[in-house]
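Note sheet for the following structure.
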């Protein structure tokens, strides 16, 4: 690329030619120089002269024709209708040299840093090998254009369905990714409010620019970095209040698409309540302010802990009540006589036994006495019927061996065996 | 089968089951319409059932107390930390 200093310096041989070429180019006529045949073969043995090379380049460049571009003006110089400057890409470090001789096409008062839209014609000068962009028309990008463009982007995002998908936020985030300006109020608000609600919350903060044309790539990089980080499970993009122009970066298509593409839920906390960059539409949660974001991402853990404590206390109380209730019930059962004093029924049974035994004995005694009585009685009877007393007085009883008593002598024959019962003892005899 | 064997099943009873049976044992003993041998058996079983229930409740109470003390200790620790 030709360096600025050489270009901007003294009379520039190439400029005169630029005028002539422009007229022809628009008419599409053939090249003034009858340059060598452009389709000549080319190799180490058949190298091209520079003129052929330049002619080739010029051919390609001319094919580009007129192009509308957008960028930021820098290093503006020149005067009385002539303008030399650089045009910078809004996001990526890319720049081209631009020049203009036709003041009519230029909006007055263009200055360093203006964001512009321009109609240019890339031109290549074979004579000095310079490439430059001739400006046909250039004007600042007005507020209207910006709003119009933001609106179009918003519609586009909605059309692509990127505004409907709302991921739920984790109730208790493991680690919160925070993208915000270094030492900004937004950063303080988010961190302070989060810690008030949950002292142990942890953050991964990525500081970026939050306005101006260099901010977008930094924010996009930060979003990608945090989205890839396994520990982070929610991302907050926070910025304090600012003028419309300051918040533009949060309606930048690159930033918005990066936010929409995150796998993790992302929270947009840009400016104040009434600021509504396109980022809000694609975010999973739109917080009105950085403080609001902290409140909605971090649960009030202090409060949760209190409620938890109460719940546990209630559980303990009801358990205690249940256990003591049951204990008294069991105690009451245990105190029942049949268990507390088992001897009772044993004793009562024992008494039954004693009583029965007692009555048994008594009855038995009675029977015994009766038995004795009847025995005596029988004994006297036997004794009174018995011939013993008669025998004692000297009588005796004669019987046959068969026991029959002999009361008539005539029945006895001689030699008859006889048994004679005396008072004491018995004699065996034979009748003569 | 000695009394201990007969009542060995009690160890596996749930608290509610043991309590229910204890209630029945007391009822039948109070009705008194059982033989001596049965009364002795019932009485022994009643004792075993009651002991089992008290075991359940004692365990529950000690677990509860332990939990509460642990919490108390933890709270004390954090209080100490916060002082």
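The values are calculated or read from the model by the stated rules, or taken from the named source; none is laboratory data. Given the structure is predicted, the values throughout are model-derived calculations rather than measurements. FYI the Cβ positions are ideal-geometry reconstructions off the backbone, even for glycines, and counts take in every protein chain you see.
Descriptive notes on the structure:
- Residues that are within 8 Å of chain A (Cβ to nearest Cβ) and closer than 28 Å to residue A:348 by Cβ within segment B:11-24 comprise B:19, B:22, B:23, listed in sequence order.
- Condition met for residue A:241 (surrounded by 13 or more Cβ atoms within 10 Å (Cβ to Cβ) and closer than 30 Å to residue A:159 by Cα): yes
- Residues (under 26 Å from the mean Cα position of the chain (by Cα) and not in a loop (DSSP other than H, G, I, E, B)) located in segment A:232-256: A:234, A:235, A:236, A:237, A:238
- Those residues of segment A:186-222 which are more than 19 Å from residue A:240 (Cβ to Cβ) and crowded, with 17+ Cβ neighbours inside 10 Å, in sequence order: A:197, A:198, A:201, A:213, A:217, A:220
- Any hit, segment A:305-327, residues being more than 14 Å from every other protein chain (Cβ to nearest Cβ), at pLDDT 90 or above, surrounded by fewer than 19 Cβ atoms within 10 Å (Cβ to Cβ) and farther than 30 Å from residue A:154 by Cβ: yes
- Selection status of residue A:359, modelled with pLDDT of 85 or more, over 28 Å from residue B:18 (Cα atoms) and loosely packed, with under 12 Cβ neighbours inside 10 Å: yes
Residue by residue, here is whether (1) surrounded by 13 or more Cβ atoms within 10 Å (Cβ to Cβ); (2) in contact with a helix residue (DSSP H, G or I) (Cβ under 6 Å, 6 or more places away or on another chain); (3) touching a residue at least 40 places away in the same chain (Cβ under 8 Å); (4) under 28 Å from residue A:318 (Cα atoms) holds:
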site	(1), (2), (3), (4)
B:13	yes, no, no, yes
B:27	no, no, no, no
B:39	yes, yes, no, no
B:52	yes, yes, yes, yes
B:63	no, no, no, yes
B:74	no, no, no, yes
B:78	no, no, no, yes
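- One residue from A:105, A:71 being modelled with pLDDT of 90 or more, touching a strand residue (DSSP E or B) at 6+ places or on another chain (Cβ under 6 Å) and surrounded by 14 or more Cβ atoms within 10 Å (Cβ to Cβ): A:71
- So residue A:255, is it surrounded by 20 or more Cβ atoms within 10 Å (Cβ to Cβ) and under 22 Å from residue A:158 (Cα atoms): yes
- Considering segment A:328-425, the qualifying helices (runs of 4 or more DSSP H), each wholly inside and each with 1 or more residues that are within 14 Å of chain B (Cβ to nearest Cβ), run over A:337-340, A:343-385.
- Residues satisfying the criterion are absent from segment A:281-300 (criterion: free of Cβ contacts under 8 Å to residues at least 12 places away in the same chain and assigned by TED's automatic domain parsing to the domain that holds residue A:191).
- For segment B:2-10, the condition holds for no residue, the condition being that it is facing chain A (nearest Cβ under 9 Å) and more than 14 Å from the chain's Cα centre (by Cα).
- Once segment A:74-96 is narrowed to residues that are surrounded by 17 or more Cβ atoms within 10 Å (Cβ to Cβ) and over 54 Å from the mean Cα position of the chain (by Cα), the residue that is farthest from residue A:218 (Cα to Cα) is A:83.
- Contact map, segment A:73-101: first residue over 24 Å from residue A:129 (Cβ atoms) and assigned by TED's automatic domain parsing to the domain that holds residue A:125, second residue exposed (fewer than 14 other Cβ atoms within 10 Å of the Cβ) and modelled with pLDDT under 90, Cβ cut-off under 8 Å, separation 6 or more or different chains; pairs are A:73/A:111; A:73/A:112; A:73/A:113; A:76/A:111; A:76/A:112; A:81/A:103.
- Entry remark, segment A:120-152: residues being out of contact with any strand residue (DSSP E or B) (no Cβ under 7 Å at 6 or more places or on another chain) and buried (at least 18 other Cβ atoms within 10 Å of the Cβ) number 4 in total.
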